[in-house]
Amino acid sequence: MHGRAEPNHQVSEAILPPTPKGKQYELKALGLRELAGVRRDDEPLDPYELARCARLMVVDFERIHGLPRATRRHLLGAGSDDWSGGACSRPLPNGWRLVILNPKHGPQRNNATLMEEVCHILLGHRANRLAVVAKDEQGKVIARDYNNADEEAAFAVGAAALVPFNVLRRLVLAGKTAAVIARRFNVSRQLVEYRIKVSRLWPEYKARHPRAAGQRSRRESNLKSASSR
Ligand SMILES: [Zn+2]
């Protein structure tokens with residue numbers, strides 16, 4: 001953008017990530033940012049804005065009635081790590097779908113979860129009539145509402161919409177840490193690290209922050225298992 005202020009030139013002027021998949025996801029992500037009315041690439045995207053475009057209604061967990069007390073206790077307690085949120089696959093009569101986000105995960109993780117649900121809708125993914133239940137690499141049982149390729153695309157496009165490549169690259173080259181970048185875009189540090197890695201910016205990042213980079217692998221595998229739910 002080089003300091004110019006014309007709106008909505010994000011797509012045509014963007015520098016795209018090097019991998020074919022990265023390019024494809026980035027273009028979709030930039031389209032979503034335009035749809036949300038975000039004008040500058042360094043402006044945070046509000047997923048709640050896009051949720052309205054996707055006709056997703058975010059319901060506060062506390063407003064769910066009729067949940068047995070033991071279930072509620074489990075979802076917010078011992079089981080809190082096992083779910084990040086979800087949408088009802090069947091729309092309401094007015095066409096809207098309900099989404100519930102895990103209140104224990106905090107606003108940054110909620111933003112990523114909501115973006116994934118928004119992407120499933122706006123990318124036109126079709127939910128399986130029965131949730132796919134499978135085991136992840138750690139042998140843990142996971143439930144998915146979409147096929148693997150759609151799950152990957154929704155998470156990747158959502159993450160790219162939250163932290164676009166152009167500005168990510170600029171900030172990494174300027175020596176900003178993942179934590180600083182995360183605060184700017186209202187996302188978790190893990191999500192920024194994931195974006196740095198899939199955008200092939202990790203060598204540049206590592207060169208500037210050798211210590212932070214050393215702790216990456218463990219967190220990244222945590223994020224991977226969290227994002228597949
Ligand atoms: Zn999903």
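Restricting to Cα pairs below 8 Å that are 6+ residues apart, what does the relative contact order work out to for region 7-132? Please round to a whole percent. Don't skip to the answer; put the middle values down first.
Details: 118 pairs, mean separation 27.8, N = 126.
Result for region 7-132 is 22 percent.
Here region 82-121 is scanned for amide nitrogen atoms under 19 Å from the site 7 Å beyond the Cα of HIS74 along Cα-to-Cβ, giving 82-87, 100-105. Each residue of region 102-114 is assigned a 3J(HN,Hα), and the resulting list reads 6, x, 6, 8, x, x, 5, 5, 4, 4, 5, 5, 5 Hz, derived from the Karplus form 6.51 cos²θ - 1.76 cosθ + 1.60 (θ = phi - 60°), x at Gly and Pro.
Model label points for LEU173 and GLU204, set 7 angstrom from Cα along the Cα-to-Cβ axis, are 0.5 nm apart.
Note on LYS197/LEU67: beta-carbon distance plugged into 1/(1 + (r/R0)^6) with R0 of 30 Å gives a FRET efficiency of 0.20.
A simple spin-label model places pseudo-atoms 7 Å from Cα toward Cβ; at GLU34 and ASP82 they are separated by 4.3 nm.
Dimensions of region 15-227 from C-alpha coordinates, computed as largest minus smallest value along each principal axis and given longest first, are 52, 35, 28 Å. One chain, two ends: LYS23 and GLU49. Fully extended at 0.36 nm per residue, the span grows by 6.9 nm beyond their Cα-Cα distance.
Residue-wise HN-Hα couplings along region 59-64, as the Karplus relation 6.51 cos²θ - 1.76 cosθ + 1.60 with θ = phi - 60° gives them from phi, are 9, 5, 3, 5, 8, 7 Hz; Gly and Pro carry x. Taking amide H positions as modeled 1.01 Å from N, with prolines and chain starts lacking one, the residues under 5 Å from LEU98 and 5 or more places away or on another chain are MET57, CYS88, LEU92.
Rule-based calculations on the coordinates, nothing more; no lab input. Owing to the predicted nature of the structure, the values given are computational and were not obtained by experimental measurement. For neighbour counting, all protein chains shown are included, and Cβ atoms are generated from backbone atoms with ideal geometry for every residue, glycine included.
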